[in-house]
Amino acid sequence: MANRVKVSDMPNSAYIEDAEVLGKLVKAKRTNMNMKLADCAALCGIGINTLSRIENGNANCTLSAVFSVLHGLGIKLTTKELSNPNSNSLADNEWV
């Protein structure tokens, strides 16, 4: 019997300030989609080790690999100014 994917919590940070927060976001999105690491890596066109390093907050991953993962999981990064210039607060899904 195959192991189930354990769903991870979304990061509780309002902003993506470093590789660790981005990694938590990627892992939470992947696990919420009930997708295993190997399946996600294949979908995104990167290696399993690269995806694991991204999820673990390794700051030495290439931007190309990071954007492949973001695109593969449907994550779009936005800024508060571009998405809603008159708003002073962030919506729950503004950067996902």
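Looking across the range 1-48, the residues that are within 17 Å of residue 61 (Cβ to Cβ), β-branched (Val, Ile, Thr), under 12 Å from the mean Cα position of the chain (by Cα) and not in a loop (DSSP other than H, G, I, E, B) come down to 21, 26. All of (1) in contact with a Ser or Thr (Cβ under 8 Å, 6 or more places away or on another chain); (2) at pLDDT 95 or above hold for residue 6 with one exception: (2). Of all residue pairs spaced 6 or more apart or on separate chains, those with beta-carbon atoms under 8 Å, a first member in the range 68-79 that is more than 14 Å from residue 33 (Cβ to Cβ) and a second member that is of a type in the set (A, V, I, L, M) are 68/46; 76/70; 76/96; 77/16; 77/70. Every condition in (1) open to solvent by 40 Å² or more (accessible area, probe 1.4 Å); (2) modelled with pLDDT under 90; (3) in a loop (DSSP other than H, G, I, E, B) is met by residue 82 except one, and the failing one is (3).
For (1) among the charged types (D, E, K, R); (2) at pLDDT 95 or above; (3) surrounded by fewer than 14 Cβ atoms within 10 Å (Cβ to Cβ), each residue gets a yes or a no:
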{"position": "17", "(1), (2), (3)": "yes, no, yes"}
{"position": "23", "(1), (2), (3)": "no, yes, no"}
{"position": "42", "(1), (2), (3)": "no, yes, no"}
{"position": "49", "(1), (2), (3)": "no, yes, yes"}
{"position": "52", "(1), (2), (3)": "no, yes, no"}
{"position": "64", "(1), (2), (3)": "no, yes, yes"}
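The values are calculated or read from the model by the stated rules, or taken from the named source; none is laboratory data. What you are looking at is a predicted structure, and each value in this text was computed from that prediction instead of being measured. Note: ideal-geometry Cβ built from the backbone for every residue, glycine included; neighbour counts use all protein chains shown. The protein model used for the area step is the full one, side chains on, heavy atoms only, and it has no ligands, DNA or RNA in it. Shrake-Rupley method; radii C 1.70, N 1.55, O 1.52, S 1.80 Å.
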